[in-house]
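To start, the structure under review is shown below, and the notes come after it.
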Amino acid sequence: MAGFVLALDQGTTSSRALLFDASGAIVAVEQFEFSQSFPKPGWVEHDPEEIWQSQLRAARGVLEKANVKAGDVAAIGITNQRETTVVWDRKTGQPIHPAIVWQSRQSSGICETLRAKGLEEEVRSRTGLLIDSYFSGTKIRFILDVVPGAQARAEAGELCFGTIDTWLIHRFTKGRVFATEPSNASRTLLFNIHDGTWDPFLLDALGIPRSMLPEVKDSSGVFGEADPEWLGGAIPIAGVAGDQQSALFGQGCVSPGLAKNTYGTGCFLLMNTGREAPRSEAGLITTVAWRLGGRLEYALEGSIFVAGSAVQWLRDGLGFVGSARETDALARSVPDTDGVVVVPAFVGLGAPYWDEAARGTIVGITRGTSRAHITRATLESIAYQTRDVMGAMAQDSGIEPAVLHVDGGACENDFLMQFQADILGITVERPAVLEVTAMGAATLAGLGVGFWRDRSELDARVEAPTSFEPTMPEDERESRYRTWLRAVERSRGWVEEGAV
Ligand code: ADP
């Protein structure tokens, strides 16, 4: 009887592998960084070969570390950086262009053209997304445009497109399986989230032949088997989800109204909306959470550009602290911010404002303002921005979550988490084990082969989370939030037209 599940977490800067035992505990972790290429300002590319090799090394490494053989692994789960685009030759399996990474802006001209054609509304109603170069569709178009002969080869059925999940499945199965699932497919700009199929209208608008696209399967269930050559034995790949959706699943946000926020460089907030795919009027996107047993479930998603990176700014830019961790005690060394509000709109504002011209602003400074006040106000700004997005989610879905589940590096800051609970007026819950992204993929995979029968089997075994309960009186909460909104107004539209 196999006793383990292997989760592969293919991220933007590193490929990780984590081995889970039957109780859901992490037995071993292996991780390899890989190179980032920046061919022009705003462009980011990866070598698909290096992604594959680093992921394979991590998978082999973690089995070796734990002294576990392939036969002891019930299933592989894959979670991955979303939207990143690979196009390869169907016959040889060789990429025809570097992978274009999600942050890369190289297809923004193609987005302009789509907008000029008035396609924004079609895209939104079919995909739940905005026309933006983040999503895969225009990246595929870019590759077909710049690689000589690629369009003709695509039309002859000779090329394949995949997000990173598809690319890894292709390599692990030695080209036998060409598949994805809806949490990844829903980030391509080509997937109709309502009927769950590749959308002929959008394929046509982008000139992408249907034959390039992988089969879309359930997020949990067998995709195929990793070839015995790679890990010393065949192992079924049985669970796949994009990183944010995997974290949502790993946090146990599996029914409507359950929400999670990942506090990393920026923040990614997702709220499960169940079988409803609410159209956002408040500056969010609608995405597929996963497809289980043929049933699509959805989530609203909002991203905040600057969160943990504002803490890095306190450390590296201002030299206020020696480490991110020290901000907790420094913030607590003063009773409040003494009227100071920091709006960290360093690169504009994301959801729900979408203001490229906004810039970072500190208001309310007096002669008495100290680094402690500014540090405290910076941490608070992360919580206020989260409330902005939570408010938009409530507006779009009519659901007001009772709990916010948190993960990511900056959620280790207790001051921030308590302030988050206070400013939202709801419980903030931090799991004992923060590897929720990998946990999500492992769970999907374990369920996909019947290694676990039900999610609740795992819930019963997880260590108790840390809860932060709101203690701030409501009038104070609302008055502080109004002050924040006034400060946001001061930060908006700062950069003059043409200079964004
Ligand atoms: P990413 O995956 O985006 O690289 P991580 O989840 O690893 O991010 O989190 C790292 C971010 O969290 C950094 O921006 C760092 O400044 C911030 N961070 C880490 N620890 C703390 C802390 N104790 N308090 C506040 N911020 C923190």
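Okay, here's what the table says:
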quantity: Table column - 3J(HN,Hα) (Hz), region 202-207, Karplus curve with 6.51, -1.76, 1.60, x for Gly and Pro; calculated: 6, 4, 5, 4, 9, x
quantity: Net charge dipole size for the chain [Lys, Arg +1 and Asp, Glu -1 on Cβ; Debye, nearest 20]; calculated: 560 debye
quantity: Values of log10 I(q)/I(0), in the order q = 0.07, 0.09 Å⁻¹, for the chain under a Debye, Cα-only, solvent-free model; calculated: -0.37, -0.62
quantity: 10 °C / 1.306 mPa s Stokes-Einstein diffusion coefficient of region 281-340, Kirkwood radius on C-alpha pairs, µm²/s; calculated: 105 µm²/s
quantity: Percent carbon-and-sulfur accessible area, region 181-239, ignoring ligands, DNA and RNA, probe 1.4 Å; calculated: 52 percent
quantity: Largest-first principal axis extents of the Cα set of region 23-114 (Å); calculated: 52, 31, 23
quantity: Pairs of Cα atoms farther than 17 Å apart, region 222-340, %; calculated: 69 percent
quantity: Relative contact order %, region 26-67, counting alpha carbon pairs below 8 Å whose residues are six or more apart; calculated: 48 percent
quantity: Fully extended contour minus Cα-Cα distance, from Asp227 to Gln36, at 0.36 nm per residue; calculated: 65.9 nm
quantity: Folded to 0 to 90 degrees: helix 436-448 orientation relative to the chain principal axis, Cα; calculated: 40 degrees
quantity: Net +/- balance of residues flanking Ala58 in space, Cβ distance below 10 Å, scoring K and R +1, D and E -1; calculated: +1
quantity: Under 10 Å, Cβ to Cβ, from Val123 - net charge with Lys/Arg +1 and Asp/Glu -1; calculated: -2
quantity: Cβ-Cβ FRET estimate between Val347 and Ser323, R0 fixed at 30 Å, reported to 0.05; calculated: 0.80
quantity: For the chain: accessible area per residue (Å², 1.4 Å); calculated: 38 Å²
quantity: In degrees, nearest ten, helix 136-146 long axis to first principal axis of the chain (Cα); calculated: 60 degrees
quantity: P(r) weight above 26 Å for region 4-244, C-alpha pairs, percent; calculated: 36 percent
quantity: Region 411-500: GluC sites (Glu not before Pro) falling in loop per DSSP and having at most 11 other Cβ within 10 Å; calculated: Glu463, Glu496, Glu497
quantity: Relative contact order for the chain, counting Cα pairs under 8 Å that sit 6 or more residues apart, in percent; calculated: 15 percent
quantity: Residue-averaged 222 nm ellipticity for the chain, from DSSP H runs of 4+ at -39500 (n - 2.57), nearest 500; calculated: -10000 deg cm²/dmol
quantity: Given Lys217/Lys260; Lys40/Lys174; Lys69/Lys174; Lys139/Lys174, the pairs whose alpha carbons are separated by over 31 Å; calculated: Lys40/Lys174
quantity: Diffusion constant of region 329-410 at 37 °C, which comes from Stokes-Einstein with the Kirkwood Cα-pair radius and 0.692 mPa s, µm²/s; calculated: 229 µm²/s
quantity: Euclidean distance of C-alpha centroids, region 171-195 and region 427-497, integer Å; calculated: 27 Å
quantity: Charge context of Gly242, other residues only, Cβ under 11 angstrom, K/R +1, D/E -1; calculated: -3
quantity: For region 4-244: relative contact order, % (alpha-carbon pairs under 8 angstrom, 6 or more apart); calculated: 21 percent
quantity: Full-stretch length increase - Asp21, Glu496 - with 0.36 nm per residue and alpha-carbon distance subtracted; calculated: 165.5 nm
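The values are calculated or read from the model by the stated rules, or taken from the named source; none is laboratory data. If you're wondering where the values come from, they're calculated on a predicted model, not measured in any experiment. Methodologically, a virtual Cβ is constructed for each residue, glycine included, from the backbone with ideal geometry; neighbour enumeration extends over all protein chains shown. For the accessible areas, the whole protein counts, side chains as well, though only heavy atoms, and no ligand, DNA or RNA atoms are used. Shrake-Rupley method; radii C 1.70, N 1.55, O 1.52, S 1.80 Å.
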